[in-house]
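Presented below is the structure to which this report refers.
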Amino acid sequence: MQHWLAHDLSSLDAILDRAHAMAGSYLHGLPQRAAAATLPAAGLSGSAELPEQGIGAAAALKRFEHDYEALLSGSPGPRYFGFVTGGATPAALAADWLVSTYDQNTQRNGDTCAAAIEQQAVDLLGQLLGWPAEWTGVCVTGATMANYVGMALARQWAGHAYGRDVAADGVMGLPQIPVFAGSAHSSTLKALSMAGLGRSAVQSLPLLPGREALDVAALEDALSKHGDAPSIVVASAGTVNTVDFDDLAAIAALKQRYRFWLHVDAAFGGIAAASEPRRALMTGIELADSVTVDAHKWLNVPYDCALLYTAHLPLQIEVFQNHSAYLSAPVALADNFLHLAPENSRRFRALPLWMSLLAYGREGYAELVERHCAAAQYLGRLIESDPRFRLAAPVRLNVVCFTLANADKAALARLHQSLQHDGTAYLSPSMLNGQPILRVAICNWRTTLADMDLTFAALQRLS
Ligand SMILES: *Cc1c(COP(=O)(O)O)cnc(C)c1O
């Protein structure tokens with residue numbers, strides 16, 4: 001055995017203790033750490049030259065800590081409000097450490113319980129959100145991959161409508177399959193590109209006035225013009241800017257008259273259903289053909305974990321089956337993940353989800369959702385109370401979109417920059433109705449009203 005491998009094998013405990021200490025100092029420092037790092041303009045210092053003999057794990061850990069740890073963001077902390085960024089609950093974090101320790105390849109090989117635990121995690125999350133027990137689900141790396149699986153299933157379904165097994169024979173020569181959507185997330189376009197359906201398949205439909213939700217009358221119009229040919233509808237359950245929801249029940253009702261696959265992107269907003277009074281936002285989702293939900297956002301499971309649920313397991317096996325002399329044949333079982341996921345070898349990423357759902361249960365996640373929505377309402381009121389600011393949209397759930405009352409774009413960009421340097425909070429810039437805004441997306445399990453006060457004080461100080 002090479003010198004350093006042998007050395008590190010005999011000092012494994014010390015190495016893990018060191019990693020534990022590094023993790024502890026990062027976690028305890030989170031409330032003080034700048035929410036977003038400011039990177040050196042000249043790029044990272046230090047060489048990326050492969051050493052001949054290596055330096056051993058202890059020195060490599062030290063090198064990272066010394067040279068780069070300060071350049072990490074505080075994104076698992078309570079005031080990182082950029083994009084849609086969750087943290088990691090204690091149970092999920094502990095489980096994630098163990099995932100790398102156990103290092104299971106999560107397949108139904110009969111040599112590990114990992115796939116059965118993934119199956120349990122899929123069921124537990126379905127129970128939390130009130131989704132149909134018949135749906136099957138699979139853990140993938142993120143909502144982009146979940147949307148990709150959804151589009152691949154839609155493609156297979158539409159192919160059958162044309163008498164074609166697309167998984168076997170490809171899409172070549174088929175008419176383009178239109179994708180009707182209102183505020184589809186950009187990852188849907190990527191998914192369509194990967195699935196061979198093409199980004200240009202998307203037909204963006206009008207939104208309701210002042211909303212990010214699709215105008216269902218316009219959808220019906222588009223569907224009726226398309227006639228009998230198959231199409232795909234991608235509905236949003238939680239848009240990124242304002243957490244707006246398409247009217248899923250009205251969209252699903254159109255399935256009785258028109259021939260389309262209904263994919264719901266509930267990556268972010270789907271988690272609102274953990275709080276029962278909010279479930280009405282998603283009435284009709286039970287009629288979807290495929291649904292995306294992220295675990296590494298509002299569920300506060302570490303990267304990378306999202307799920308795709310579907311009512312069409314056989315189609316999924318047609319698309320993702322993987323034959324070989326040494327791998328089991330595809331059988332229609334919900335935990336036969338080798339034949340259900342884009343990946344073959346798969347991380348045991350379901351364990352943190354399983355652990356967190358078990359640790360905090362229905363009550364824990366409902367409390368988190370309601371606390372975040374209350375924090376957003378509270379911050380919205382603070383912002384409205386200061387004449388220098390203006391809300392750019394009503395606060396629907398856990399996101400606050402605002403801008404400067406004087407509509408000075410340069411000043412808004414400067415405010416964003418100085419807030420990033422200040423470090424109290426990180427917000428991400430976005431565009432709403434063609435105007436630049438700042439977004440505060442509250443998704444971290446640590447965040448409380450006190451963080452809203454700190455953030456608002458920083459905004460006032462820096463404006
Ligand atoms: C974040 C997000 C995605 C993409 O998710 P990743 O996990 O980053 O791949 C897709 N759809 C919506 C609505 C999102 O919020």
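The values are calculated or read from the model by the stated rules, or taken from the named source; none is laboratory data. Small disclaimer: the values here were computed from a predicted structure and weren't measured. Cβ atoms come from the backbone with ideal geometry, glycine included; neighbour counts cover every protein chain shown.
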Filter result for Gln120 (surrounded by 14 or more Cβ atoms within 10 Å (Cβ to Cβ), of a type outside the set (Val, Ile, Thr) and at pLDDT below 95): no
From the options Ser345, Ser356, residue that is within 19 Å of Glu118 (Cα to Cα), part of a loop (DSSP other than H, G, I, E, B) and not β-branched (Val, Ile, Thr): Ser345
Cβ pairs under 7 Å, 6+ apart, first in segment 41-60 and on the phi > 0 side of the Ramachandran plot, second outside any loop (DSSP other than H, G, I, E, B) and surrounded by 10 or more Cβ atoms within 10 Å (Cβ to Cβ): Gly46/Asp67; Gly54/Trp4; Gly56/Trp4; Gly56/His7; Gly56/Asp8
Residue within segment 317-337 that is in contact with a strand residue (DSSP E or B) (Cβ under 8 Å, 6 or more places away or on another chain), more than 14 Å from the ligand (Cβ to nearest atom) and either within 15 Å of Leu129 (Cβ to Cβ) or β-branched (Val, Ile, Thr) (or both) present: no
Residue ID - nearest to the ligand (Cβ to nearest atom), chosen from residues in segment 232-290 that are basic (Lys, Arg) and in a helix (DSSP H, G or I): Arg278
Qualifying residue in segment 441-462 (condition: modelled with pLDDT of 95 or more, in a strand (DSSP E or B), buried (at least 19 other Cβ atoms within 10 Å of the Cβ) and in contact with a helix residue (DSSP H, G or I) (Cβ under 8 Å, 6 or more places away or on another chain)): no
Among (1) surrounded by 14 or more Cβ atoms within 10 Å (Cβ to Cβ); (2) on the phi < 0 side of the Ramachandran plot; (3) at pLDDT 95 or above, the one test that Asp408 misses: (1)
Residue ID - surrounded by the most Cβ atoms within 10 Å (Cβ to Cβ), chosen from residues in segment 34-68 that are closer than 30 Å to Leu427 by Cα and polar (S, T, N, Q): Thr38
Residues (away from the ligand (no atom under 16 Å from the Cβ), part of a loop (DSSP other than H, G, I, E, B) and of a type in the set (S, T, N, Q)) located in segment 175-219: Gln176
Test: residue in segment 155-167 that is within 16 Å of the ligand (Cβ to nearest atom) and either in the same structural domain as Ala332 (by TED's automatic domain parsing) or surrounded by fewer than 18 Cβ atoms within 10 Å (Cβ to Cβ) (or both): no
Residue selected from segment 208-263 under the condition touching a Pro at 6+ places or on another chain (Cβ under 9 Å) and of a type in the set (S, T, N, Q), by the criterion surrounded by the fewest Cβ atoms within 10 Å (Cβ to Cβ): Ser231
